[in-house]
Amino acid sequence: MLVEVENLTKTFGEFCAVDNVSFAIEPGEIIGMLGPNGAGKTTTIHMILGLITPTSGRISIFGKSMATHRGEILEQMNFTSPYVAFPFRLTVLENLMVFARIYKLKKPRERIDQLLERFAITRLRDKPISSLSSGENTRVGLCKAFMNDPRLLLLDEPTAYLDPEIAWQVKNALLDAQREKGTTILYTSHNMDEVERMCKRIIFLHHGKVIAAGSPIEITQAILEEEREEPALEEVFLRLVKGKAA
Amino acid sequence: MKLHRINAVIVRHVYEARRNFDRVIDTVWWPVLDIIMWGFFTVYLAHSNRLQPTVVSCLLGAVILWGTFYSFQRDMAVAFIDDLWCRNLINLFSTPLMMSEYMAGIIVVCILKVMVGLIAASAIGWAAYSFDILPWLPKFIPYMANLLFFALALGTAITGLIFRYSTKVQALAWSFAGLLMPVSCIFYPISSLPKWLQAVAWMMPTAHSFEGMRQVLAGQGFSLTHFAWGAGLNVVYFALAIVFFGWIFEKARTRGLLVKQE
């Protein structure tokens, strides 16, 4: 297994954000993490990144414990979310150069140009971050996330601010990375169609607990408690959040 | 610690300095303005025959040295605040970058900025008021090192507080050094203070540096005692600041504050 999360729990005072969550991810897998707001998805991702210390439980990545090998593990993984930002006075190129230096890339300019082209933002290279739209910022974040050719990529709602065409390009870039380089991706999103298309396996979180895990069709049948031919994650989501099927 | 990651932090702040006029103002504007204002004051006092020449040197030397101390302490905290304001901390700390590397990078940037301010202020002191700091510099350097060491300890502690309490306490970055001014005895000897405040001043590495500086300018030579006291106190304060920062950083990770900074 590439990622093993065992009995992960995080409490903030009386509030339990993540409650005894366990799951594993195989190499080369794209796995979706779904759940309503406050379900514990982002907290789980932040614990996997070592940004939040778990109250209890164990996280092992590439066969090493996150608690003791954080730096070594983070060399080979990356993360992005449209909710984090970059220094806004710096240009796109300057921001990406900082991360290229952190990862000690041999040919940083070449790599940055490739990534800007892949996410169709070459024309923004010398623009300050402050002049970009939310969608353009998200794509800069994706360039940063692919900077070190990560073995494991954590993406928190990566297509949140993107228009359908760009979102489609991004999804293709992710699928290409998985096919060509075997990149393992843990993906959170509120777009159920996207998750159905991208992920073979899904973990559904609610109130900090894993309430279902499996393929989209398995989850659909387990939560809706009926036989279905096609996955219906939208209905599953509504059933869980509102307590009723759509 | 990896040099390439420290270098990345330095490059990030050099880019910021190039594009952020506020940082240029911080680096050059205030040290230059201070020396101009105090310079005119010493000119006025000298023309009125109210002062001996050594007192003029003491004032201008003190302005320059205090400027290095204040700038270093402020710039350390402000560099961190810059990353806080633009919500860049998650990006940075989801990479292999370690906190020690981040702080080391910021320290190098602060030293560079202090040097720029020091050179600018010294050049104006020399050109406009005939105060040449260069002959004094070999004897000033140990005291300046102590001032910067203390600024580093304070900057570390203040950065820790900002980590814990976020932008609610960011004003400390600009104001905390001001609290120490009266007991740092920048422009007057420790003996001018009331007895009870003298006890506090003796605990300040800054006060020892300025006492030492005045002895040098008065032709009494380098005071090893003031230097040693300043260095000893600095070791204690720096150790406390590191322990405090380490404790706060772990607390921040436990409480999830690192991802909620704003």
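Of the residues making up region B:15-50, those that are of a type outside the set (D, E, K, R), within 14 Å of chain A (Cβ to nearest Cβ) and loosely packed, with under 14 Cβ neighbours inside 10 Å number 1.
Matching residues to (1) at the interface with another protein chain (Cβ under 10 Å from one of its Cβ atoms); (2) assigned to a helix (DSSP H, G or I); (3) crowded, with 16+ Cβ neighbours inside 10 Å:
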| residue | (1), (2), (3) |
| --- | --- |
| A:ARG89 | yes, no, yes |
| A:ALA100 | yes, yes, yes |
| A:LYS106 | no, no, no |
| A:GLU117 | no, yes, no |
| A:ALA145 | yes, yes, yes |
| A:LEU154 | yes, no, yes |
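Take the conditions (1) buried (at least 20 other Cβ atoms within 10 Å of the Cβ); (2) in contact (Cβ under 8 Å) with a residue 60 or more places away in the chain; (3) touching a Ser or Thr at 6+ places or on another chain (Cβ under 9 Å); (4) not charged (D, E, K, R); A:THR183 misses just one of them, which is (3). Looking across region A:55-75 at every residue that is facing chain B (nearest Cβ under 9 Å) and in a loop (DSSP other than H, G, I, E, B), the one that is nearest to A:LEU153 (Cα to Cα) is identified as A:GLU75. B:ALA127 meets the conditions (1) touching a residue at least 24 places away in the same chain (Cβ under 8 Å); (2) part of a helix (DSSP H, G or I) in every case but one. The failed one is (1).
Condition first: closer than 24 Å to B:THR54 by Cα, part of a helix (DSSP H, G or I) and away from chain A (no Cβ under 14 Å). Can you find one or more residues in region B:161-171 that meet it? No, region B:161-171 contains no residue that is closer than 24 Å to B:THR54 by Cα, part of a helix (DSSP H, G or I) and away from chain A (no Cβ under 14 Å).
Residue-level check: of (1) within 14 Å of chain B (Cβ to nearest Cβ); (2) surrounded by fewer than 21 Cβ atoms within 10 Å (Cβ to Cβ), A:ASP113 misses just (1).
Checked against the criteria, B:ALA121 counts as more than 14 Å from chain A (Cβ to nearest Cβ) and crowded, with 22+ Cβ neighbours inside 10 Å. Taking region A:35-54, which residues are outside any loop (DSSP other than H, G, I, E, B) and in contact with a helix residue (DSSP H, G or I) (Cβ under 6 Å, 6 or more places away or on another chain)? Within region A:35-54, just A:HIS46 meets the criteria. Pairs under 8 Å by beta carbon, first residue within 14 Å of another protein chain (Cβ to nearest Cβ) and within 12 Å of B:LEU147 (Cβ to Cβ) in region B:226-251, partner in a helix (DSSP H, G or I) and among the hydroxyl-bearing types (Ser, Thr, Tyr), six or more apart or different chains? If the second residue must be in a helix (DSSP H, G or I) and among the hydroxyl-bearing types (Ser, Thr, Tyr), no pairs are left.
Within region B:51-85, being hydroxyl-bearing (Ser, Thr, Tyr) and either within 15 Å of the chain's Cα centre (by Cα) or within 14 Å of chain A (Cβ to nearest Cβ) (or both) holds for B:THR68, B:TYR70, B:SER71.
Laboratory data are not the source of any read-out in this text; all were calculated from the coordinates shown. Values in this document were obtained by computation on a predicted structure and should not be read as measured data. For neighbour counting, all protein chains shown are included, and Cβ atoms are generated from backbone atoms with ideal geometry for every residue, glycine included.
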